[in-house]
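The values are calculated or read from the model by the stated rules, or taken from the named source; none is laboratory data. All of these numbers come straight from a predicted model, not from anything done at the bench. Reconstructed Cβ throughout: ideal geometry from the backbone, glycine too, with neighbour counts over all protein chains shown.
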Amino acid sequence: MAVSKELRLLVGGRDWRGQARTPRTAEGWEKPVEQRVFPTAWARTQTAGLVRSAVRHGLLKPTTWAVTAPVVEGLDHLDGLKGPVVFVANHASHVDTPLILGSLPHRLARRVAVGAAADYFFDARWRAVLTALVINGFPVERNGTGRRAVLARELAEDGWSLLLFPEGTRSQDGWMNPIRLGSAYLCCELGIPAVPIAIRGSFAAMPRGRSWPVPGRPRVSVRYGRPLVPDEGESVRDFNSRLAPALARLWNEEDVGWYRSLRADSRTALSGPTGPAGAAPWRRVWEAGRPLSGGGDAPRTWR
C-alpha cells in the first residue's frame, strides 16, 4: 500500500514528501488558441455587391456629404488606372473610409476591399456583418501578422484593390503616425501600384470619441496622388521611403498649395505631417482640430 501511495504522488506531480515538483512561479501549458477569421467571402458575391452599391449610393455617400463638405482633388491621376491597386491613406477619423469610397470613381470603388481592425470591427458579429457588407471590409491585425495578413494578399491576387491605413490605427491627436511596411510589402511582392491619399479636416469633423460628425458641415479635403509603381528589384523599405514623402506632399498641399509643396519636396524641405514637435498633447490636439479654411457652414471658432 505504501509503494502504491508513493507512485500516485509521483504521478500526480509531487515528490516522495508530497511537495510539488513544479516551481510555483511556472505557468501551466495551455494549448494555443487558433486564430479565428470571420468569413467575408460572402460579402464579395454578386448579390452582396448589388446590396452594397445600393447602400453606398443611397445612404452612405449622401449622408457623409450631408454632414461634411468634402473637397476632392487629384481624381485625374486615376484616369486609366486598373486594379488591383493599394490605396494608402492617413487615418484620423471613422469618416475617412466613407469619404474615400464616396469620392472614388465607381469603376474602382466597386472593386475595393477595405482593411478594418479585427479587434474592433470584427469583435461582435453584428458589427462584422455590417462592416463586411457595407464597405466590403476584411479583418486585419494592427500589427500586420497572422492569418488575416495573408487574406490581404489573396484578395489582391483575386483582382481586388485594397484600401489600407498603414498607420495601424486612427490617430490619437489628428497627426500622422509613421507608416508601416505592410502596404509597401504587398505592392513590391505583387508588383502592383500604390495610390497615396491625404485626408485633411476629418479629425476636426469627427475626432476619436465621437459617433457623429460635429454640426455645421465642416470642410474636409481628400487628395489623390499619382500612382507609384515599385521598380524592379526595389526593396520594401526603399519603396516605402518613396510612398511616405508622397503622402506628406499631398498633406502639405492643403497649407501651401501644389507648386510650393512640390518645390519643398524637391529641396527635401517638406515638413512631415507629424504635428508640432515637443508640444504638449493638448496643443497637438488643438492644432489638429482647426477647421479647414473655406467651404462648409461650420462657425469659424478658430482664428
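Listing for the model above:
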| item | result |
| --- | --- |
| Selected residue (criterion: surrounded by the fewest Cβ atoms within 10 Å (Cβ to Cβ)) from residues of the range 157-174 that are of a type in the set (D, E, K, R) and in a loop (DSSP other than H, G, I, E, B) | D158 |
| One residue from W258, W175 being within 19 Å of the chain's Cα centre (by Cα), aromatic (F, W, Y) and at pLDDT below 95 | W175 |
| Which numbered condition V129 fails, given (1) outside any loop (DSSP other than H, G, I, E, B); (2) touching a residue at least 24 places away in the same chain (Cβ under 8 Å); (3) surrounded by fewer than 20 Cβ atoms within 10 Å (Cβ to Cβ) | (2) |
| Search result, residues across the range 37-92 that are among the small types (G, A, S) and closer than 29 Å to L190 by Cβ | A41, A43, A48, G49, S53, G74, G80, G83, A89, A92 |
| Every residue from the range 195-223 that is in contact with a Phe, Trp or Tyr (Cβ under 8 Å, 6 or more places away or on another chain) and assigned to a loop (DSSP other than H, G, I, E, B) | M206 |
| Conditions (1) in a loop (DSSP other than H, G, I, E, B); (2) out of contact with any strand residue (DSSP E or B) (no Cβ under 6 Å at 6 or more places or on another chain); (3) more than 24 Å from F203 (Cα to Cα); number of the one not met by H94 | (3) |
| Pick from the range 83-112, criterion among the hydroxyl-bearing types (S, T, Y) and modelled with pLDDT of 95 or more, ranking: nearest to Q172 (Cα to Cα) | T97 |
| Among the residues listed as G159, G115, the single one being of a type outside the set (K, R), more than 22 Å from R170 (Cβ to Cβ), out of contact with any Cys (no Cβ under 9 Å at 6 or more places or on another chain) and modelled with pLDDT of 90 or more | G159 |
| Qualifying position, being within 20 Å of D76 (Cα to Cα) and either crowded, with 19+ Cβ neighbours inside 10 Å or at pLDDT 95 or above (or both), among R219, R249 | R249 |
| Lone qualifier among E189, E154 - being more than 14 Å from the chain's Cα centre (by Cα), without any contact (Cβ under 8 Å) to a residue 12 or more places away in the chain and either in a strand (DSSP E or B) or surrounded by fewer than 20 Cβ atoms within 10 Å (Cβ to Cβ) (or both) | E154 |
| Subset of the range 57-106 that is within 22 Å of P178 (Cα to Cα) and of a type in the set (S, T, Y) - its residue that is nearest to the chain's Cα centre (by Cα) | T97 |
| Test result for D238, acidic (D, E), touching an Asp or Glu at 6+ places or on another chain (Cβ under 9 Å) and modelled with pLDDT under 95 | no |
| First in the range 43-59 and in a helix (DSSP H, G or I), second anywhere and among the acidic types (D, E), Cβ under 9 Å, 6 or more apart | R44/D158 |
| Close pairs (9 angstrom Cβ cut-off, 6 or more residues apart or separate chains): within 18 Å of R210 (Cβ to Cβ) and modelled with pLDDT of 70 or more in the range 280-291, loosely packed, with under 14 Cβ neighbours inside 10 Å and among the polar types (S, T, N, Q) anywhere | P291/T301 |
| Verdict on G80 being on the phi > 0 side of the Ramachandran plot, at pLDDT below 95 and part of a loop (DSSP other than H, G, I, E, B) | yes |
